[in-house]
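The values are calculated or read from the model by the stated rules, or taken from the named source; none is laboratory data. Values in this document were obtained by computation on a predicted structure and should not be read as measured data. Heads up, the Cβs are rebuilt from the backbone with ideal geometry, glycines too, and the neighbour counts pull from every protein chain shown. These accessible areas exclude ligands, DNA and RNA; they are computed on the full protein's heavy atoms, side chains included. Shrake-Rupley method; radii C 1.70, N 1.55, O 1.52, S 1.80 Å.
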Amino acid sequence: MIIFGSKGRQKELGHGTFYCPKCNDIRPYIQKRVSRYFTLYFIPLFETKNLGEVVECQSCKTSFDPKVLDPSSQKMLKVVAATRYALLHGTSPAQMKAQLMDGGAEAQTADKIIEMAQS
């Protein structure tokens with residue numbers, strides 16, 4: 001009797017620290033590749049399908065698209081978090097928009113950042 005099947009496996013591609021959108025703080029992460037393997041007698045022999053890559057926050061265990069590690073994404077997440085903090089501590093949306101625009105953001109971008117911070 002031959003026993004065969006498939007099994008999902010994860011392989012660590014890298015690790016480091018990043019700004020986690022869920023934790024709203026700098027957290028450690030592990031970047032993983034998830035694949036499906038052909039098994040024979042429960043032993044994985046070869047990869048049959050690459051299911052993709054994920055970045056997993058080691059604090060909250062939430063998985064994100066690897067694009068979250070892009071420097072531009074990280075910068076935007078930090079700006080949104082700082083905006084959320086300011087709004088929660090008494091800064092009005094109009095004042096925040098003025099501060100963002102003074103920092104070089106366009107009006108539409110400032111509105112989008114404030115909208116993201118309030119959600």
| request: Run down the lysines and flag those whose C-alpha is under 19 Å from the C-alpha of Lys75, throwing out any fewer than 8 positions away in its chain. | output: Lys22, Lys67, Lys97, Lys112
| request: For Phe46 paired with Asp25, estimate the spin-label separation in nm (one decimal), with each label point 7 Å from Cα along the Cα-to-Cβ line. | output: 4.7 nm
| task | Distance between Cα centroids, region 71-98 to region 11-49: provide it in whole Å. | result | 31 Å
| request: Between Ala98 and Gln118, with labels modelled 7 Å along Cα→Cβ, what's the label distance in nm to one decimal, could you check? | output: 1.8 nm
| request: Treat every Asp and Glu Cβ in the chain as -1 and every Lys and Arg Cβ as +1, leave all other atoms uncharged, and give the resulting dipole magnitude about the Cα centre to the nearest 20 debye. | output: 500 debye
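Scan the chain and report its longest stretch carrying no chymotrypsin sites (Phe, Trp or Tyr not before Pro) that are both in a DSSP loop and have at most 16 other Cβ atoms within 10 Å. Don't skip to the end; give the middle numbers.
Details: sites that count: Tyr41, Phe42.
In short, 43-119.
If you filter region 61-116 for trypsin sites (Lys or Arg not before Pro), then keep DSSP loop positions with at most 11 other Cβ within 10 Å, what is left?
Numbers: sites: Lys61, Lys67, Lys75, Lys78, Arg84, Lys97, Lys112; in loops: Lys61.
Filter output for region 61-116: Lys61.
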| query | Modelled label-to-label distance, Lys11 and Cys60, 7 Å Cα→beta-carbon offset: nm? | reply | 2.9 nm
| request: With a/c under 1.5 counting as rounded, go ahead and sort the chain into rounded, prolate or oblate using the C-alpha gyration tensor (a ≥ b ≥ c being the square roots of the eigenvalues; past the cut-off, prolate if a/b is larger than b/c, else oblate). | output: prolate
| task | Please give the helix 71-88 orientation as an angle from the longest Cα principal axis of the chain, in degrees from 0 to 90, rounded to the nearest 10. | result | 50 degrees
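Students sometimes get this wrong: rank Thr91, Thr83, Thr109, Thr48 by accessible area, probe 1.4 Å, all chains present, largest first. Provide the component values of the computation, followed by the final result.
Numbers: Thr91 35, Thr83 0, Thr109 55, Thr48 80 Å².
Sorted by accessible area, descending: Thr48, Thr109, Thr91, Thr83.
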